[in-house]
Amino acid sequence: MKSKFIYPILPLIIISLALEILVKTNFFPSYLVPAPSQVFKVLSFENLSLWKALGQTSLASILGFTISLVLGVLFAILLSTSKLIEKVFYPYAVFFQTVPIIAIAPLLVIWLGYGLPTIVASSIIVSIFPVIANTLTGLRSTEKPLLDLFRLYSANPKDTLLKLKLPFALPSVLVGARISSGLAVIGAIVGEFIAGGGIGEVVNVSRTQQRVDIVFAAVFLAALLGLAFFLLIDFISKATLKAWHASER
Amino acid sequence: MVSANQINLENVQKKFSSDQSLVLDNINLNIPFGEFLTILGPSGCGKSTLLRMIAGLETPTNGQVLVPINTNEMGFVFQEAHLLPWRNVFENVVLPQELKNNVNQLSVDEALKKFDILDAKNKYPHELSGGMKMRASLARALVNKPKLLLLDEPFSALDEIIRQKLCEELRSLWEREKITVVFVTHSLQEATFLSERVIVLSKKPGKIIFDEKLNLPQIRTKKLYSSLEFIELTEKIYNFMQGARYEK
């Protein structure tokens, strides 16, 4: 268990130490790359607003991810009900995958104003597609003999969905959720660049002030947030699939 | 003659819409309630399609299939066990009752006991051997005490010893309960050991080329395999099976 955490942290420690030496010996100028000790100083004492920003980004990401998960699963269920519905609506789902969020974020500000609604919308747009695509694949891959069995026992559509198709799709839904969790953080930060607040605004403002130490600290916190999301989904995945699915045994 | 006490197939023809090829042709068959019927035939001759039509999972292109039994009163066993991997054995076996909102724990335990799998009721399918999975699948098919049991090559993936044991258990279950059984298999020995009646289908499009009641004792044990009557009957069906490969 210990090694699970130690191994990924080792490269971080080594790179930080090397960077510290390279910056302190003026091999890298500190206005381009800050010394890790400076980044830690920013994180620990100087900038309480950075932690407040993390709180704002976390809230927007959690909201964006949760809404993406719920809407994505519901939309995939709708698409799975008929091939015709899938043909008509699936291209619109692909829109979320291909749309350059940075281009439509200003539109979101016009429609939803500055602040949380725009940031959450940006997070949803970026993170919903993996949930839709993976859930749909899972729902479509239900074994035919099992569908026949449910037909034979005159199962109603609700039971077929809740007792067969959704449990069958669960591993795929969780794969989608894993991908989506990181994207929700990215989407929220992009939204904050335009709509203000959170880590996005901290990065934007610090960039203009040439405070690369704050930019690095903010990026570090954003990465930690994405990692926390990922680990949470990983935990849920293990808890729900461990008893029966090969991927978590 | 159509009767409420039998399953009746009249001039049944089946084409698949995908390639319009004829799978079954001119099938006329009566299966009286309480009979153990086995369908034999070469691969691709439409045995499973015939079984699925009796179950109501396929509709005939022409002709009619009359099954005076509600689908809720049928049990179906596939070639593989097809258990729900997220449910343990008990939860798999109780499923047909759960879907009818009619859960009766005692009857589930009874079905599990019947197939000697009660001790494994809390295990998940991935923790079971192939034979145990099939036992759970049989228990699931029988938990609602069906009037009609349809089996599509259920033992084909099992080793010889387990296959023989399950054959004996299935036969003794039929002897006790006299439910109607339609059994699809590739195995001549299985067919002769289990059935009261055997039909053989020709190669695609499948037509019935052999239909005979087997004159064997009601109570059947392993000893039957070495009896002269069993060997003669198996050989007779084998010869028809050989013919089936070339029959047009």
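Where a number appears in this text, it was derived from the coordinates with a stated rule and is not lab data. Owing to the predicted nature of the structure, the values given are computational and were not obtained by experimental measurement. Positions of Cβ are backbone-derived with ideal geometry, glycine not excepted, and every protein chain shown enters the neighbour counts.
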Any chance the stretch A:122-138 includes a residue that's surrounded by 22 or more Cβ atoms within 10 Å (Cβ to Cβ) and closer than 18 Å to B:HIS82 by Cα?
yes
Taking B:PHE115, is it aromatic (Phe, Trp, Tyr), more than 9 Å from every other protein chain (Cβ to nearest Cβ) and either exposed (fewer than 14 other Cβ atoms within 10 Å of the Cβ) or within 22 Å of B:ARG176 (Cα to Cα) (or both)?
yes
At least 2 residues that are closer than 14 Å to B:PRO146 by Cβ in each: list the helices (runs of 4 or more DSSP H) lying fully within the stretch B:75-129 that qualify.
B:95-99, B:105-114
Just one of (1) surrounded by 21 or more Cβ atoms within 10 Å (Cβ to Cβ); (2) assigned to a loop (DSSP other than H, G, I, E, B) trips up B:LEU9, so point out which.
(2)
Restricting to the stretch A:44-89, name every residue that is among the aromatic types (Phe, Trp, Tyr) and either touching a His at 6+ places or on another chain (Cβ under 8 Å) or more than 15 Å from A:THR135 (Cβ to Cβ) (or both).
A:PHE45, A:TRP51
For A:SER44, state whether it is of a type in the set (Gly, Ala, Ser), over 20 Å from A:PHE229 (Cα atoms) and in contact (Cβ under 8 Å) with a residue 24 or more places away in the chain.
no
Working only within the stretch A:196-214, note down all residues that are β-branched (Val, Ile, Thr) and closer than 15 Å to A:THR57 by Cα.
A:ILE199, A:VAL202, A:VAL203
Evaluation of A:LEU224 against (1) under 21 Å from A:ALA177 (Cα atoms); (2) away from chain B (no Cβ under 14 Å); (3) touching a residue at least 24 places away in the same chain (Cβ under 8 Å) (one fails), failing number:
(3)
What residue, among those in the stretch B:83-98 that are of a type in the set (A, V, I, L, M, F, W, C) and under 22 Å from B:LEU57 (Cβ atoms), is surrounded by the fewest Cβ atoms within 10 Å (Cβ to Cβ)?
B:LEU84
Tally up the residues in the stretch B:57-82 that are at the interface with another protein chain (Cβ under 9 Å from one of its Cβ atoms) and either crowded, with 16+ Cβ neighbours inside 10 Å or touching a residue at least 40 places away in the same chain (Cβ under 8 Å) (or both), please.
10
Restricting to the stretch B:38-53, give me the number of residues that are buried (at least 24 other Cβ atoms within 10 Å of the Cβ) and on the phi < 0 side of the Ramachandran plot.
6
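One line per residue, one yes/no per condition, for (1) closer than 21 Å to A:LEU224 by Cα; (2) surrounded by 12 or more Cβ atoms within 10 Å (Cβ to Cβ):
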{"residue": "A:GLU20", "(1), (2)": "yes, yes"}
{"residue": "A:LYS24", "(1), (2)": "no, yes"}
{"residue": "A:PHE27", "(1), (2)": "no, no"}
{"residue": "A:PHE40", "(1), (2)": "yes, yes"}
{"residue": "A:SER58", "(1), (2)": "yes, yes"}
{"residue": "A:ILE77", "(1), (2)": "no, yes"}
Which numbered condition trips up B:ALA136, out of (1) at the interface with another protein chain (Cβ under 10 Å from one of its Cβ atoms); (2) out of contact with any Asp or Glu (no Cβ under 7 Å at 6 or more places or on another chain)?
(1)
Residue under question is A:LEU174, and the condition is that it be within 14 Å of another protein chain (Cβ to nearest Cβ), touching a residue at least 24 places away in the same chain (Cβ under 8 Å), within 26 Å of A:ILE67 (Cβ to Cβ) and surrounded by 15 or more Cβ atoms within 10 Å (Cβ to Cβ); does it hold?
yes
Candidate set: the stretch B:170-216, residues that are assigned to a loop (DSSP other than H, G, I, E, B) and of a type in the set (A, V, I, L, M, F, W, C); chosen: the one nearest to B:ARG135 (Cα to Cα)
B:ILE179
